[in-house]
Amino acid sequence: MIELGGNIKLVGFKELEKEKLIVVKKMVGNYARKIHDKVSPFEELSLHLKELHSTDNIKNKKYEIKGKLVINANPYNAEVSDYNLFFAIDKVLSKIAENSK
């Protein structure tokens with residue numbers, strides 16, 4: 001598990017290449033700031049990464065991202081599967097941000 005700022009958790013992301021992890025951290029940080037500014041301070045934001053198709057061929061990798069945002073003890077969840085890791089993260093964070101308004 002990777003913690004960003006104490007209330008942001010990334011689970012299953014340690015296996016990513018360093019370059020991808022840097023982009024993931026920036027994406028999550030930007031969404032966290034937007035959510036904080038629009039809604040209210042949140043207690044927890046967590047993303048869980050799972051590779052659904054783990055083969056040697058990178059084009060066949062499918063990623064499942066489960067996201068959870070907790071505001072005032074109310075959880076907001078979203079789940080997305082995609083072949084592009086960054087699209088999956090963007091979609092799940094967008095859904096969480098929309099649902100938490």
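Rule-based calculations on the coordinates, nothing more; no lab input. Predicted model only: the values in this text are computed from it and were never measured. Glycine also receives a Cβ, built like all others from the backbone with ideal geometry; neighbour counts cover every protein chain displayed.
In segment 26-41, how many residues are assigned to a helix (DSSP H, G or I), closer than 20 Å to Val70 by Cβ, without any contact (Cβ under 8 Å) to a residue 40 or more places away in the chain and not small (Gly, Ala, Ser)? So that I can check it myself, show each step before the final result.
So the first thing to find is which residues in segment 26-41 are assigned to a helix (DSSP H, G or I), and the list is 26-38.
Those left that are additionally closer than 20 Å to Val70 by Cβ: 27-38.
Now drop any that are not without any contact (Cβ under 8 Å) to a residue 40 or more places away in the chain, which leaves 29-30, 32-33, 36-37.
Filter again for not small (Gly, Ala, Ser), leaving 30, 33, 36-37.
Of the residues in segment 26-41, 4 are assigned to a helix (DSSP H, G or I), closer than 20 Å to Val70 by Cβ, without any contact (Cβ under 8 Å) to a residue 40 or more places away in the chain and not small (Gly, Ala, Ser).
Considering only residues in segment 65-80 that are in a strand (DSSP E or B), more than 10 Å from the chain's Cα centre (by Cα) and not hydrophobic (A, V, I, L, M, F, W, C), the one that is nearest to Leu16 (Cα to Cα) turns out to be Asn77.
Sub-8 Å Cβ pairs linking a first residue in segment 73-94 that is over 14 Å from Ala32 (Cα atoms) to a second residue that is among the acidic types (Asp, Glu) and exposed (fewer than 15 other Cβ atoms within 10 Å of the Cβ), at least 6 apart or interchain, are Ala73/Glu43, ordered by first then second residue.
Identify all residues within segment 82-95 that are surrounded by 15 or more Cβ atoms within 10 Å (Cβ to Cβ) and under 18 Å from Phe13 (Cβ atoms); write none if there are none. Correct list: Asp82, Leu85, Ala88, Ile89, Asp90, Lys91, Val92, Leu93.
Flag set for Lys38, criterion: exposed (fewer than 11 other Cβ atoms within 10 Å of the Cβ), within 20 Å of Tyr76 (Cα to Cα) and out of contact with any Cys (no Cβ under 6 Å at 6 or more places or on another chain).
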